[in-house]
Amino acid sequence: MSSNLPLLFSASGPTPTPPATLQQALIALVETMAPGYTAALPGSLIEDLSSTAVGALATIDQARVDAVNNVSPYAANPYILGQEGVQFGVPQGLPSNGSAYLVFTGSPGFVIAPGWLVSDGSNQYAVRDGGIVGSGGTSPPVYVVATNSATFPIPANSIDQNVTPVPGGYTLTVTNPLAGTPAQASETTESYRSRLLSAFNVALSGTQTYLKTLLLAVPGVSPQLVSVIQNGIYWEVICGGGDPYAIAGAIYSGVSTLGLLTGSSINTDRNVTVSIYDVPNEYEVVFVNPPEQVVTVAVTWNTTLPNFVASAAVNQAIILAVQSYVNGILVGQPINLLVMNEVIQNAVAPVLSPVNLTTLEFVVTIDSEVVEPTAGTWIIPSDPESYFAISATGCTSAQG
């Protein structure tokens, strides 16, 4: 016998079906097979059987609710939670195992892949997120976690052996400049549940968003100089600042295939090509180093207020506002004079109310040439691969 009872949901998720509902469904099902059936007679064997059956159905219904809840890290039991974590590469216990930060020294461009094993002679450690040896011959700090949960000290410079073999033709040494963190108590289910939920919030690998996340994690990379432009089926990666090997390592980790990469569509002199080594293979990674477009802005303003005495304060506020706006424009994005107008009005408001401004005019130059907005707009476009920069003396302001 079977009955298609719907699974009930509340704001907090699936909920058990009330026993009265189960009993009604059971009686209705039996009546379809035995017309005239009734379980309403108190103290009868039929009533006793139906009550026992309802208890069994309640147990089965609760199991159904638990099975649905176990799909989510929010409510999964410890066993299912652990299985979900292993499936997505987030095993339980790692935050409580001993850990340290290592620096690898060796061939520039050598990729230290996640899972690379090192040792202090007694205990082994696995690289968690990976890294790459930079152009100076050293890597940024690389996080490693002990492969066992025992508690032991991790003195500085004690992790000095590569367990994963280094292939011939390459050099790679390792050490931990600072003492590591010994193992803690076993990770609780609550801690693991929270960590697994956080891991699920990471952008999907192989997407532009994930690639930007990796690039922004490279030391020295400027957030305003990171862009991924789609050219047909190809990605043009623009990145300014940072070690070129570290940038190439981030790109290598962030794209699904290096065949998706393309260089500049404007000037190949902007391309940076880096060779990296993920043994036993060598790969070339290309990205675009964005050129700088030097901007100057001359601002002329005036007010309805006679004998206005705070002109110097207004000029200073305008200069700082224009510098902040222009230097904050993202790579490839235009100068919007309407936005600049608004930024200036907000900046001078403490000294001069915008309702008293009668004039706000701009003369903008890019690379020493006076430029005008595109016809019918207030937009001054940028080179799609370049960024704007204005110096401390690049903006002037005068009342007139």
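Here, each number is a calculation from the coordinates, and none is a lab measurement. Source: prediction; values computed, not measured. No Cβ is skipped: glycine too gets one built from the backbone with ideal geometry, and neighbour counts run over all protein chains shown.
Using 5 Å bins from zero, what percent of all Cα-Cα pairs in segment 94-175 falls into each bin?
3, 16, 29, 26, 15, 7, 3, 0
Where the only charges are on Cβ atoms (+1 Lys, Arg; -1 Asp, Glu), what is the dipole of segment 292-399 about its Cα centre, to the nearest 20 debye? Kindly include the intermediate steps, with their values, before the conclusion.
On the way: 0 positive and 8 negative charges, 92 e Å.
For segment 292-399, the charge dipole is close to 440 debye.
Would you look at the GNM of the chain, springs on alpha carbons closer than 10 Å, and say which of Ala100, Ala63, Ala20 moves the most?
Residue with maximal mean-square fluctuation among Ala100, Ala63, Ala20: Ala20.
Quick one: which residues, 5+ away or cross-chain, put their amide H under 5 Å from the amide H of Ser397? H built at 1.01 Å from N.
Here the answer is Val299, since their amide H atoms fall under 5 Å of that of Ser397.
With an 8 Å cut-off on Cα pairs and a minimum separation of 6 or more residues, tell me the relative contact order of segment 271-355 in percent.
On the way: 52 pairs, mean separation 18.0, N = 85.
Reported relative contact order: 21 percent.
How charged is the neighbourhood of Pro91? Take every other residue with its Cβ under 12 Å from the Cβ of Pro91, and add Lys/Arg as +1 and Asp/Glu as -1.
Details: positive: Arg128, Arg195; negative: Glu84, Glu187.
Net local charge, Pro91 excluded: 0.
Tell me, what HN-Hα J-couplings in whole Hz come from the Karplus equation 6.51 cos²θ - 1.76 cosθ + 1.60 at θ = phi - 60° for each residue of segment 347-357, using x for Gly and Pro?
5, 8, 3, x, 9, 9, 5, x, 5, 9, 7
Report the one residue of Ala250, Val145, Ala185 whose Cα lies farthest in the direction of the positive end of the charge dipole of the chain (charges on C-beta: Lys and Arg +1, Asp and Glu -1; origin at the Cα centre).
It is Ala185, whose Cα lies furthest towards the positive end.
Just to confirm a number: summing +1 for Lys and Arg and -1 for Asp and Glu over residues other than Ala146 whose beta-carbon lies under 13 angstrom from that of Ala146, what do you get?
Numbers: positive: Arg128; negative: Asp120.
Result for the neighbourhood of Ala146: 0.
Of the candidates Pro384, Pro306, Pro290, which one comes out as most mobile in a Gaussian network treatment of the chain with C-alpha springs shorter than 10 Å?
Pro306
Take every Cα pair under 8 Å in the chain that's 6+ residues apart, average their separations, divide by the length, and report that relative contact order as a whole percent.
Values: 722 pairs, mean separation 46.8, N = 400.
After rounding, I find 12 percent.
What percent do you get for the relative contact order of segment 292-399 when only Cα pairs under 8 Å and 6+ apart count?
Computed over segment 292-399, the figure is 54 percent.
Based only on the alpha carbon positions, what is the Kirkwood hydrodynamic radius of segment 292-399, in angstrom?
Mean inverse Cα-Cα distance, inverted, gives 14.2 Å.
Looking at segment 257-346, which chymotrypsin sites (Phe, Trp or Tyr not before Pro) are DSSP coil and have at most 14 other C-beta atoms within 10 Å of their C-beta?
Details: sites: Tyr277, Tyr283, Phe287, Trp301, Phe308, Tyr325; in loops: Phe308.
Passing both the DSSP loop test and the Cβ count: Phe308.
Select from Ala347, Ala150, Ala310 the residue whose mean-square fluctuation is largest in a Gaussian network model of the chain (Cα-Cα springs shorter than 10 Å).
Highest fluctuation among the options: Ala310.
Give the span of segment 208-288's Cα atoms along each principal axis, as three whole-Å numbers ordered largest to smallest.
Taking max minus min along each principal axis of the Cα atoms, segment 208-288 gives 34, 28, 24 Å.
Please state the shape class of segment 283-337: rounded when a/c is under 1.5, otherwise prolate if a/b exceeds b/c and oblate if not, all from the C-alpha gyration tensor.
On the way: a/c = 4.83, a/b = 3.93, b/c = 1.23.
Judged from the Cα gyration tensor, segment 283-337 comes out prolate (a/c at least 1.5, a/b above b/c).
Would you calculate a helix-derived [θ] at 222 nm for the chain, using -39,500 (n - 2.57) for each DSSP H run of n ≥ 4 and dividing by the full residue count, to the nearest 500?
Numbers: 8 runs with 111 residues, N = 400.
Computed ellipticity for the chain at 222 nm equals -9000 deg cm²/dmol.
Dividing the alpha-carbon Rg of the chain by 2.2 N^0.38 Å yields what?
Cα-based Rg divided by the globular estimate yields 1.52.
Which residues among segment 156-190 fall inside the zone where the amide N is under 19 Å from a point 7 Å beyond the Cα of Val279, along Cα→Cβ?
159-176
Using unit Cβ charges (K, R positive; D, E negative) and no other charged atoms, how large, in debye to the nearest 20, is the dipole of the chain about its Cα centre? Before the final figure, lay out the partial values.
Numbers: 6 positive and 25 negative charges, 91 e Å.
About 440 debye.
May I ask you to evaluate 6.51 cos²θ - 1.76 cosθ + 1.60, the Karplus curve with θ = phi - 60°, for each residue of segment 220-232 and list the ³J(HN,Hα) values in order in whole Hz, giving x for glycine and proline?
In residue order, the calculated couplings are x, 6, 8, x, 6, 10, 10, 8, 10, 9, 8, 10, x Hz.
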